[in-house]
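Heads up, the thing below is written out as structure tokens.
The values are calculated or read from the model by the stated rules, or taken from the named source; none is laboratory data. Everything numeric here is computed off the predicted structure, so don't read it as measured data. For neighbour counting, all protein chains shown are included, and Cβ atoms are generated from backbone atoms with ideal geometry for every residue, glycine included.
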Amino acid sequence: MVERVIEVEDLAKRYPPDTMAIDGISFSIERGRVFSLLGPNGAGKTTTVEILEGLRTPTSGRTRVFDVDTSKDYASIRGRVGILPQNFEPFDNLKPVEAVEYWAKLFDKRKTRKDINEMLDIVGLSERKNLLAKKLSGGEKRKLGIALSLINDPELLFLDEPTTGLDPKARRDLWKLIEEIQGRGTTVLLTTHYLDEAEKLSDDVAIMHRGNIIARGSPSELISRFGKTTVVVLEGVGTDGLTEVTRRGIEATEVDGDVMVPVANPSEMRTIFAKLSSIELPVKDMYTRRQTLEDVFLSLVGTKMDEGVLEE
Ligand SMILES: Nc1ncnc2c1ncn2[C@@H]1O[C@H](COP(=O)(O)OP(=O)(O)O)[C@@H](O)[C@H]1O
Ligand SMILES: [Mg+2]
């Protein structure tokens, strides 16, 4: 039988006087899964997570973590949960080894020097463990935050935007770490506004927009349900290209100067290629690619998202 580590039913949160931060959402997370709340800034991700962390009270609805009502008896499960808060910053003047030691004491966990070294090794900070935290890079600070969130060997880990603002290399490093954490059996609730991150890491994704979950499923389910499977890209043909293509009755959209022609059924591919090749267009390149969550998001919300901000 599948075990649900988190169950959320009709959850709503209103901040006075009239901000509906969460407007009646439901989802559940099975043990061992990575589940992502994906959405732009202000979608309601942190509010949802903080209710599940026992830090905020819902306006209405039910939230259960490990089968415990989080608004009633959070104390009984707190020790099984790890938390990396949004915008986590370590104490500047503690070294990673000292920070882990301090955190362990706060949580009443006895950690030997060997345990501490092991934890720092897991998150990839072994070589930086004796440096003041203020000297660490953004990615290293987040890794330290994750080490601290793992201090009580949690069965469930909340990571609220763990990679926001990091450079691509640091983000990929953290992705690997999150995969390793899942590999050890930990259930992870991740929030992110990076579509590629949600696609790469999640078993299940809930796309949040204005306090609602507008779509839910595995990345590939979402792509096949809300996207077309393949897109033909006409690079660099711009709005003129779009006019030419749509004038011939082919459905297409323009994104950043490229024209995208979605192909629902692979058997249509030959006909579409033939039609497209007959049009005189100054194409830089023409190729096909699989759709991604980015396409799903664009078709559901109607605009692209950059660093969590919806484009006009
Ligand atoms: N403490 C608060 N008081 C009032 N409004 C808040 C508070 N926290 C968040 N909000 C509002 O609730 C909405 C959802 O915010 P949040 O949960 O932080 O979204 P996200 O994490 O997806 O960016 C936003 O409109 C935000 O301005
Ligand atoms: Mg947030």
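Annotations for the structure displayed:
- Filter result for the condition that a residue is closer than 14 Å to Leu177 by Cβ, of a type in the set (D, E, K, R) and touching a Pro at 6+ places or on another chain (Cβ under 6 Å), over Lys141, Lys129: Lys141
- Output for the stretch 175-200, where each listed residue is part of a helix (DSSP H, G or I) and more than 22 Å from Arg80 (Cα to Cα): Trp175, Lys176, Leu195, Asp196, Glu197, Ala198, Glu199, Lys200
Every residue, every condition in (1) over 24 Å from the mean Cα position of the chain (by Cα); (2) more than 30 Å from Leu298 (Cα to Cα), yes or no:
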{"site": "Pro16", "(1), (2)": "yes, yes"}
{"site": "Thr19", "(1), (2)": "no, no"}
{"site": "Phe35", "(1), (2)": "no, no"}
{"site": "Thr70", "(1), (2)": "no, yes"}
{"site": "Thr112", "(1), (2)": "yes, yes"}
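- Candidate set: the stretch 24-40, residues that are closer than 21 Å to Thr59 by Cα and within 16 Å of ligand 2 (Cβ to nearest atom); chosen: the one surrounded by the most Cβ atoms within 10 Å (Cβ to Cβ): Leu37
Per-residue answers, yes or no, for (1) among the hydrophobic types (A, V, I, L, M, F, W, C); (2) in contact with a helix residue (DSSP H, G or I) (Cβ under 7 Å, 6 or more places away or on another chain); (3) over 28 Å from Tyr194 (Cα atoms):
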{"residue": "Ser220", "(1), (2), (3)": "no, no, no"}
{"residue": "Val255", "(1), (2), (3)": "yes, no, no"}
{"residue": "Ile272", "(1), (2), (3)": "yes, no, yes"}
{"residue": "Thr288", "(1), (2), (3)": "no, no, no"}
{"residue": "Gln291", "(1), (2), (3)": "no, yes, no"}
{"residue": "Thr303", "(1), (2), (3)": "no, no, no"}
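- Subset tally (residues that are in a loop (DSSP other than H, G, I, E, B) and surrounded by 13 or more Cβ atoms within 10 Å (Cβ to Cβ)) for the stretch 90-106: 4
- Candidates Asp67, Asp115: the one that is more than 28 Å from Thr19 (Cβ to Cβ) and either surrounded by fewer than 14 Cβ atoms within 10 Å (Cβ to Cβ) or touching a residue at least 60 places away in the same chain (Cβ under 8 Å) (or both) is Asp67.
- Any hit, the stretch 118-139, residues being within 16 Å of ligand 2 (Cβ to nearest atom), within 23 Å of Phe35 (Cα to Cα) and part of a helix (DSSP H, G or I): no
- Scanning the stretch 79-89 for residues that are within 13 Å of ligand 2 (Cβ to nearest atom) and not in a strand (DSSP E or B) gives Pro85, Gln86, Asn87, Phe88.
- Here Thr191 meets the list (1) surrounded by 22 or more Cβ atoms within 10 Å (Cβ to Cβ); (2) in contact with a helix residue (DSSP H, G or I) (Cβ under 6 Å, 6 or more places away or on another chain); (3) over 18 Å from Phe27 (Cα atoms) almost entirely, failing just condition (3).
- Among all residues of the stretch 85-101, there is none that is in contact (Cβ under 8 Å) with a residue 60 or more places away in the chain and under 20 Å from Phe27 (Cα atoms).
- Boolean, Leu195 is within 16 Å of ligand 1 (Cβ to nearest atom), out of contact with any strand residue (DSSP E or B) (no Cβ under 6 Å at 6 or more places or on another chain) and in contact (Cβ under 8 Å) with a residue 40 or more places away in the chain: yes
- Answer from Pro154, Pro162 - the residue that is within 16 Å of ligand 1 (Cβ to nearest atom) and either surrounded by fewer than 22 Cβ atoms within 10 Å (Cβ to Cβ) or not hydroxyl-bearing (Ser, Thr, Tyr) (or both): Pro162
Listed here are the residues, each with its yes/no results for (1) within 8 Å of ligand 1 (Cβ to nearest atom); (2) more than 14 Å from Leu189 (Cα to Cα).
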| position | (1), (2) |
| --- | --- |
| Glu3 | no, yes |
| Val8 | no, no |
| Ile25 | no, yes |
| Arg33 | no, no |
| Ala43 | yes, yes |
| Thr47 | yes, no |
| Ile51 | no, no |
| Gly54 | no, yes |
| Thr59 | no, yes |
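- Options Ala198, Ala133; residue that is closer than 24 Å to Thr292 by Cα and of a type in the set (A, V, I, L, M): Ala198
- Within the stretch 70-87, considering residues that are within 16 Å of ligand 1 (Cβ to nearest atom) and at pLDDT 95 or above, the one surrounded by the fewest Cβ atoms within 10 Å (Cβ to Cβ): Gln86
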